[in-house]
Protein chains: 2
Amino acid sequence: MSPTEPIPILGGTGALGAGLARRWARAGVPIVLGSRAADRAEEAAAKLREAVPGAEVSGLLNEEAAGKAEVVFLAVPFRAQSENLNNLREALRPGQILVDCTVPLAAAVSGKATRSLGVWQGSAAQQAQEMVPEGVTVVAALHTVGAPTLADADAELGEDVLICGDKKADKARVARLIELIEGLRAVNAGPLEMARIVEQLTPMLISVNSRYKAHAGIRLTGLPDADHWA
Amino acid sequence: MSPTEPIPILGGTGALGAGLARRWARAGVPIVLGSRAADRAEEAAAKLREAVPGAEVSGLLNEEAAGKAEVVFLAVPFRAQSENLNNLREALRPGQILVDCTVPLAAAVSGKATRSLGVWQGSAAQQAQEMVPEGVTVVAALHTVGAPTLADADAELGEDVLICGDKKADKARVARLIELIEGLRAVNAGPLEMARIVEQLTPMLISVNSRYKAHAGIRLTGLPDADHWA
């Protein structure tokens, strides 16, 4: 990645996307917020520029935002994931990495956010891998980082992001971007199929959060200090 | 629990059971190791008495061990869980709590330890709840604590145990026992059905362990300091 290549966040007007954008913007990373509506994207971009003075942020349609960098983040609710991926068929090109943050909460079909749906392919990320154009690689990440914590400018992060994907090099590129956010450590959780498990952490954390009135994250203990991604 | 009530560990000759027994014995808790064979149980008990001088440990058949306290731990491989529960039908009595530590690893059917099996009831713990005599309550716990770490007398623990069960009072009793082991914090992860998710953490950790050459555990960040179980 060139140091000036921006991070496109599709679904960047949602809670998770906006929270990530805010953290990256504070770290000096240029951001492209994507949305299904250009005016809402531009609105969110203006809001972010106001919140983080000097932030380099633009707002575009998802399909346009998707072309702005090699690594693209998809942060939409599960309910809208398939529709978004359909819309991106012409926008994504071989060689790109799509980072899927989708969690198949039962809330997508008016169920509970503490329960999940079974996805035919095994996980939302594997569904995404099936739907992206050939040559586009899906990496799954950022399921357990809470939007309220990201949005709270005073909240210090100190947690892990479990990354799933079939090639370490792809995961490493995503890890480097994620670790630009202070307090996040990217952990290699295995192949993309491991998203079946990692995506499930979110309903568990939502359940814990309601019980403890907290914003819990995940941290793995016992890992070596060495940089896994070097 | 009376302070002298022992902790029966069914499958106490296995790696997890033996590791837990060692930690509890070091904390001064009397232990009853259960096994399918009385001589192997007594052998394991002798070994533990040698390793932890002054430890109060006996070895019994699982069915006998199961009657020695109100809270009983079941630490057997998934392959043997149903058989063990069948054998316990006459041994368990109403009012008891069975703490199920079973993880449905695909290794049970010669598959990978980084993958899991679908259990009809949703989780091994829910299968246990279906199989225990009426009036016995199943609580799920201790899936993510690694046997090698428990067995290593020099290893300091500093991780969470996610506890699932339908009644907070039952979970609290189990939490108190678990927290007798230094370095373990018991976290209320929700109703027993949440074991569907918590049991899945083990194959994920096994995958991480092989990649990082580590013995990883789980820690939730962002929880309040107050004693949840008080």
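The values are calculated or read from the model by the stated rules, or taken from the named source; none is laboratory data. Here the structure is a predicted model, which means the values were calculated and not measured. Cβ coordinates were reconstructed from backbone atoms using ideal geometry, including for glycine residues, and neighbour counts include every protein chain displayed. Accessible surface is based on the protein model in full, side chains and every heavy atom, while ligands, DNA and RNA are left aside. Shrake-Rupley method; radii C 1.70, N 1.55, O 1.52, S 1.80 Å.
What net charge do the residues around A:L223 carry, taking every other residue with its C-beta under 9 Å from that of A:L223, with Lys and Arg at +1 and Asp and Glu at -1? Could the numbers behind the result be given before it?
Numbers: positive: A:R185; negative: A:D160, A:D225.
Summing Lys/Arg as +1 and Asp/Glu as -1 gives -1.
Send over the per residue convex hull volume for the protein assembly as shown, Cα only, as a whole number of Å³.
Numbers: hull volume 63.2 nm³, N = 460.
Value for the protein assembly as shown: 137 Å³ per residue.
Give me the percent of DSSP beta bridges within the protein assembly as shown that run antiparallel, rounded to the nearest 5.
Counting only bridges with both partners in the protein assembly as shown, antiparallel ones make up about 15 percent.
At A:L180, with labels set 7 Å past Cα in the Cβ direction, how many nm apart are the copies from this one, shortest first?
5.2
Put one equal scatterer on each alpha carbon of segment B:4-48, apply the Debye formula with no solvent term, and list log10 I(q)/I(0) at q = 0.18, 0.27, 0.33 1/Å to two decimals.
-0.42, -0.92, -1.27
Given Cα positions, please report Rg to Rh for segment B:27-112, the hydrodynamic radius being the Kirkwood one.
That ratio equals 1.00.
How about B:K112: which aspartates and glutamates have a C-alpha closer than 19 Å to its C-alpha, ignoring those fewer than 8 places off in the same chain?
A:D166, A:E193, B:E199
Within segment B:142-165, whose backbone N sits under 12 Å from a point 7 Å along Cα→Cβ of A:K112?
Residues B:165 qualify, since their backbone N sits under 12 Å from the label point.
Net charge around A:E193, counting only other residues with Cβ within less than 10 Å of its Cβ (Lys, Arg = +1; Asp, Glu = -1)?
Summing Lys and Arg as +1 and Asp and Glu as -1 gives +1.
Starting from the alpha-carbon convex hull of segment A:98-230, give the projected area averaged over all orientations, in nm².
8.8
Indicate, rounded to the nearest 5 percent, the antiparallel portion of the DSSP beta bridges found entirely in chain B.
So the antiparallel bridges in chain B amount to around 5 percent.
Taking chain A as a Gaussian network, where each spring joins two C-alpha atoms under 10 Å apart, which residue of A:A175, A:A38, A:A25 fluctuates the most?
Looking only at A:A175, A:A38, A:A25, the biggest GNM fluctuation is shown by A:A38.
Which of A:G67, A:G146, A:G54 ends up with the largest GNM mean-square fluctuation for chain A, with Cα atoms connected below 10 Å?
So, out of A:G67, A:G146, A:G54, the one fluctuating most is A:G54.
Express in whole angstrom the spacing between the alpha-carbon centres of segment A:1-76 and segment A:164-224.
Here the answer is 21 Å between Cα centres.
Would you please classify the overall shape of chain A from the alpha carbon gyration tensor, given that a ≥ b ≥ c denote the square roots of the eigenvalues, rounded means a/c under 1.5, and beyond that prolate means a/b larger than b/c while oblate covers the rest?
Here chain A falls in the rounded category.
Nearest-to-axis residue of chain B, judged by Cβ, for the B-to-A rotation, with distance in whole Å?
Its Cβ sits closest to the axis: B:R219, 2.
In this model, which of A:K213/B:K171; B:K68/B:K167; A:K213/B:K168; A:K171/B:K213; A:K47/A:K213 are farther than 20 Å apart at the alpha-carbon? Don't skip to the end; give the middle numbers.
Working: A:K213/B:K171 18 Å; B:K68/B:K167 22 Å; A:K213/B:K168 16 Å; A:K171/B:K213 18 Å; A:K47/A:K213 28 Å.
B:K68/B:K167; A:K47/A:K213, as the Cα separations exceed 20 Å there.
Is the C-alpha gyration tensor of segment A:53-155 telling us rounded, prolate or oblate? Criteria: a/c under 1.5 is rounded; beyond that, a/b larger than b/c is prolate, otherwise oblate. Show your work: numbers first, answer last.
Working: a/c = 1.93, a/b = 1.05, b/c = 1.84.
Here segment A:53-155 falls in the oblate category.
If the chain between A:D227 and A:E64 were fully stretched, how many nm would it gain, using 0.36 nm times the residue separation less the Cα-Cα distance?
On the way: separation 163, 0.36 × 163 = 58.68 nm, distance 3.43 nm.
Result for the pair: 55.2 nm of gain on full extension.
Can you list, shortest first and in nm, the gaps between the label point of A:A51 and those of its counterparts in the other copies, using a point 7 Å from Cα in the C-beta direction?
5.1
About the Cα centre of segment A:152-230, how large is the charge dipole given +1 on each Lys and Arg Cβ and -1 on each Asp and Glu Cβ? Please answer in debye to the nearest 20.
Details: 10 positive and 13 negative charges, 59 e Å.
Here segment A:152-230 has a charge dipole of around 280 debye.
List, shortest first and in nm to one decimal, how far the label point of A:K167 (7 Å from Cα along Cα→Cβ) is from its counterparts in the other copies.
5.5
Where both residues lie in segment A:81-201, what percent of DSSP beta bridges are antiparallel, nearest 5?
15
According to the square roots a ≥ b ≥ c of the eigenvalues of the Cα gyration tensor, what is the shape class of segment A:173-217, taking rounded for a/c under 1.5, prolate for a/b larger than b/c otherwise, and oblate for the remainder?
On the way: a/c = 4.09, a/b = 1.38, b/c = 2.97.
Oblate, because a/c is 1.5 or more while a/b does not exceed b/c.
With springs only between Cα atoms under 10 Å apart, run a GNM on chain A and tell me which of A:E63, A:E50, A:E193 wobbles the most.
In the Gaussian network model the winner is A:E50.
Quick one: net charge around A:A46, please, counting Lys, Arg +1 and Asp, Glu -1 for every other residue with C-beta under 14 Å from its C-beta.
Result for the neighbourhood of A:A46: -1.
Report in % the part of the accessible area of segment B:118-230 that belongs to carbon and sulfur, leaving out ligands and nucleic acids; probe 1.4 Å. Don't skip to the end; give the middle numbers.
Numbers: 2190 of 4410 Å².
Here carbon and sulfur together make up 50 percent of the probe-accessible area.
With only alpha-carbon atoms counted, please give the Rg and Dmax of segment A:148-226, in Å.
Computed over the Cα atoms of segment A:148-226, radius of gyration and Dmax are 13.4, 38 Å.
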